[in-house]
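Just so it is clear, none of the values below were taken in a lab; they were calculated from the coordinates. Computed from a predicted structure; not experimentally measured. No Cβ is skipped: glycine too gets one built from the backbone with ideal geometry, and neighbour counts run over all protein chains shown.
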Amino acid sequence: MTSPNLIEPELNLPQMIKSIENGLPVSNFKKLRDNLGLPDKDLAKYIRIPKSTLAIRKKRGKFSFEESERLYRIQRLFTKALDVFEDADLTRKWLKEDAYGLGDVSPLEYAGTEIGAREVEDLLGRIEHGVFS
């Protein structure tokens, strides 16, 4: 299944890195929020942005480098999960529900750090290849 590109698909890796370094636009947050079916406050929680800071970022139009990295981390997991499950509703459900393979923590919560996000990606790889998790 072709997954939605939340960062411009024509960007090569160096351009993508530069885009994150310069701060992702608020439109990326909105697209991801809509794709995940989450309210702003929940997505902000997963990318560790206080409500007041989110309001400032919306006015400014873009996120800081660190916030952009965390936003991209969740975008990357959504895209990978969508590739594995090939169904947006199932993807949203799986990302939000507690996962046995992650110690009964939701993938979105587990991905609060890069190490956790890599573990979620590993779990998705095991699911994709039919390995019990």
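Plugging the Kirkwood radius over Cα pairs into Stokes-Einstein for segment 57-107, at a temperature of 20 °C and a viscosity of 1.002 mPa s, what D comes out in µm²/s?
On the way: Rh = 12.3 Å.
Estimated diffusion coefficient is 174 µm²/s.
Residue by residue through segment 106-113, what is 3J(HN,Hα) from phi via Karplus (6.51 cos²θ - 1.76 cosθ + 1.60, θ = phi - 60°)? Round to whole Hz and write x for glycine and proline.
Karplus-based 3J(HN,Hα) across segment 106-113 equals 5, x, 5, 5, 5, 7, x, 10 Hz.
When you count, for each residue, the other Cβ atoms within 10 Å and take the mean per peptide, how do 31-37, 59-65 rank with the highest first? Show your work: numbers first, answer last.
Values: 31-37: 17.6, 59-65: 14.0.
With the highest mean Cβ count within 10 Å placed first, the list reads 31-37, 59-65.
By how many degrees, 0 to 90 and rounded to 10, does the Cα axis of helix 26-36 deviate from the longest principal axis of the chain?
20
Can you tell me the relative contact order of the chain? Whole percent, Cα pairs under 8 Å, sequence separation 6 or more.
24
Work from the charge dipole of the chain (Cβ charges, +1 for Lys and Arg, -1 for Asp and Glu, about the Cα centre) and give the residue of Y100, G23, L124 farthest towards its positive end.
Final value for the positive-end residue is G23.
Mind pulling the angle between the C-alpha long axis of helix 13-22 and the longest principal axis of the chain? Nearest 10 degrees, somewhere in 0 to 90.
It is inclined by approximately 50 degrees.
Please provide three numbers in whole Å: the alpha-carbon extents of the chain along the principal axes, with the largest listed first.
For the chain, the Cα extents along the three principal axes come out at 45, 31, 26 Å.
When ranked by the protection proxy of mean other Cβ atoms within 10 Å per residue, highest first, what sequence do the peptides 101-113, 72-84, 44-56 form?
With the highest mean Cβ count within 10 Å placed first, the list reads 72-84, 101-113, 44-56.
Taking amide H positions as placed 1.01 Å from N in the peptide plane, with prolines and chain starts having none, which residues 5 or more places from A99, or on another chain, fall under 5 Å of its amide H?
Hits under the 5 Å cutoff: D104, V105, S106.
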